[in-house]
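K.L.:
Let me begin by handing over the structure; questions about it come next.
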Amino acid sequence: MDLPWLFLFSSLTIAFFLTVTVAQQEPLYHFCLDLNGNFTRNSTYQANLDRLLSSFTLSTSNENGFYNFSSGQGSNIANALALCRGDVNSSDCFTCINNANDELRNRCPYQREAIIWYDYCMFRYTNRTILGVAETSPSFYMWNLNNVTNVDAFNQAVSSLMDNLTNIASTGTSLGKFATGSARILSLTIYALVQCTPDLEDTVCQSCMSQAIGEIPNYCDRKQGCRVYRPSCNFRFEIERFYNLTAADTAATPSSPPPSTASPPSSPTTTGTFSSLFYQVTMTILYKEMHRMSMKREKEKDSNSSGTTIIISISAAAFALLLISICIFVILRLRKPKLKPQKHEATEAVDEISTVESLQYDFNTIRAATDHFSDGNKLGRGGFGAVYK
């Protein structure tokens with residue numbers, strides 16, 4: 001693949017991922033709860049909500065990604081909890097929590113209590129005490145669209161893996177009450193993640209996780225993947241790794257040595273090697289992204305202008321990038337150097353001796369030229385006889 005085509009392919013890929021980013025920024029699910037009533041515009045409670053994250057900066061991040069916010073007092077107090085996945089870095093955690101707060105305020109403009117989940121974080125606020133309190137509702141679940149073949153063996157492996165990770169997470173790790181791991185079953189590898197809010201006691205975390213895992217037969221029977229989210233705990237498993245490896249990961253013991261990766265074929269040019277590698281990496285990412293998006297269930301309405309604004313902005317950026325890329329592509333193609341025919345010193349000689357017939361003479365001509373094959377004109381002998389001048 002030459003440079004202009006490689007540039008165009010790369011630009012199209014980037015434009016695609018700009019569009020896919022919209023899907024990644026969309027929440028998984030949210031609840032606007034009416035149990036504690038609503039508040040009015042410009043009320044004290046609204047002012048307290050507005051101040052909840054006023055002191056939350058990237059420098060205040062902690063290792064386990066768990067945050068407790070509070071603003072105000074009495075019946076107008078606003079309490080909030082935020083929990084990032086244990087494998088998410090501080091920057092992504094900070095961004096996710098701020099986005100969650102903004103999105104939740106747009107989707108639940110006057111509810112005193114609300115909760116929202118993203119892939120990377122959970123955020124909730126209310127006017128009651130929630131720190132240290134285990135809560136199993138509201139909850140929601142999602143599943144992989146594909147089914148497993150060996151159901152009994154798969155379920156047994158999932159159950160064993162989940163029990164092991166629950167025991168690890170409930171006792172706590174350096175990343176809070178969080179654990180990831182994998183298990184090998186036949187030709188599949190099952191990857192799983194479990195997490196509780198770190199403010200829970202060990203036994204309470206274990207109880208929350210056990211109840212959530214107990215819902216697998218009801219919601220995710222025979223499925224290759226499943227996730228259940230509750231305010232105080234959540235889990236997920238898939239047959240492809242969806243999390244970043246951390247110190248809290250428990251790797252599976254391979255039943256057989258992994259297949260060796262074949263070396264890529266040699267390429268005469270750097271561009272060829274780069275384009276091949278770029279294509280392989282891109283296709284892998286695309287497959288994983290499409291797989292992730294296919295698992296998401298549409299459970300909520302497109303009801304906020306904020307989400308629409310994000311979509312329009314990113315789509316416009318993607319279109320602009322695509323337009324610029326096409327222009328550069330055309331320029332590169334027009335400026336591509338053309339091969340010029342090389343001049344050879346033997347051109348004239350080739351013109352003079354253009355045919356085999358031009359080298360052939362009849363016998364009489366040769367006899368006259370050598371003076372009847374005179375010894376005076378003889379130069380010597382060669383492989384085919386005497387040579388005359």
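The values are calculated or read from the model by the stated rules, or taken from the named source; none is laboratory data. The model shown is predicted, which means the values in this text are computed figures rather than measured ones. When we count neighbours, we look across all protein chains shown, and the Cβ atoms used for this are built from the backbone with ideal geometry, even at glycine. We work out accessible area using only protein heavy atoms, side chains counted, and drop any ligands, DNA or RNA first. Shrake-Rupley method; radii C 1.70, N 1.55, O 1.52, S 1.80 Å.
K.L.:
Of everything in region 43-62, what is modelled with pLDDT under 95 and part of a loop (DSSP other than H, G, I, E, B)? Give them in sequence order.
P.N.:
Passing the criteria: 51, 52, 53, 54, 55, 56, 57, 61, 62.
K.L.:
Quick test for you: out of 180, 189, pick the one residue that is modelled with pLDDT of 95 or more and closer than 30 Å to residue 62 by Cβ.
P.N.:
On inspection, the qualifying residue turns out to be 180.
K.L.:
When the residues of region 44-82 are filtered to those that are open to solvent by 10 Å² or more (accessible area, probe 1.4 Å), under 35 Å from the mean Cα position of the chain (by Cα) and aliphatic (A, V, I, L, M), which remaining residue is nearest to residue 174 (Cα to Cα)?
P.N.:
Checked region 44-82; the qualifying residue nearest to residue 174 (Cα to Cα) is 58.
K.L.:
A follow-up question, please. Please enumerate the residues belonging to region 96-137 that are basic (Lys, Arg), assigned to a helix (DSSP H, G or I) and touching a residue at least 60 places away in the same chain (Cβ under 8 Å).
P.N.:
Once the filter is applied, which keeps residues that are basic (Lys, Arg), assigned to a helix (DSSP H, G or I) and touching a residue at least 60 places away in the same chain (Cβ under 8 Å), region 96-137 yields only 107.
K.L.:
Additional query: Of all residues in region 171-209 being among the β-branched types (Val, Ile, Thr) and in contact (Cβ under 8 Å) with a residue 40 or more places away in the chain, which is nearest to residue 223 (Cα to Cα)?
P.N.:
Per the stated criteria, the residue is 190.
K.L.:
Another question, if that's okay. Can you go through 118, 125, 141 and tell me which one is touching a Cys at 6+ places or on another chain (Cβ under 6 Å) and either under 25 Å from residue 177 (Cβ atoms) or in the same structural domain as residue 241 (by the TED database) (or both)?
P.N.:
Result: 118 is the single residue among 118, 125, 141 that is touching a Cys at 6+ places or on another chain (Cβ under 6 Å) and either under 25 Å from residue 177 (Cβ atoms) or in the same structural domain as residue 241 (by the TED database) (or both).
K.L.:
Continuing with the same structure: In region 214-228, what count of residues is obtained for those that are open to solvent by 20 Å² or more (accessible area, probe 1.4 Å) and not in a helix (DSSP H, G or I)?
P.N.:
Number satisfying all stated conditions: 6.
K.L.:
Same structure again: What do you reckon, is residue 86 of a type outside the set (S, T, N, Q), open to solvent by 40 Å² or more (accessible area, probe 1.4 Å) and assigned by the TED database to the domain that holds residue 114?
P.N.:
No; evaluated as a whole, the condition is false for this residue.
K.L.:
Can you name the residue in region 165-213 that is of a type in the set (D, E, K, R) and either under 18 Å from residue 122 (Cα atoms) or part of a loop (DSSP other than H, G, I, E, B) (or both) and is also least open to solvent (accessible area, probe 1.4 Å) among such residues?
P.N.:
177
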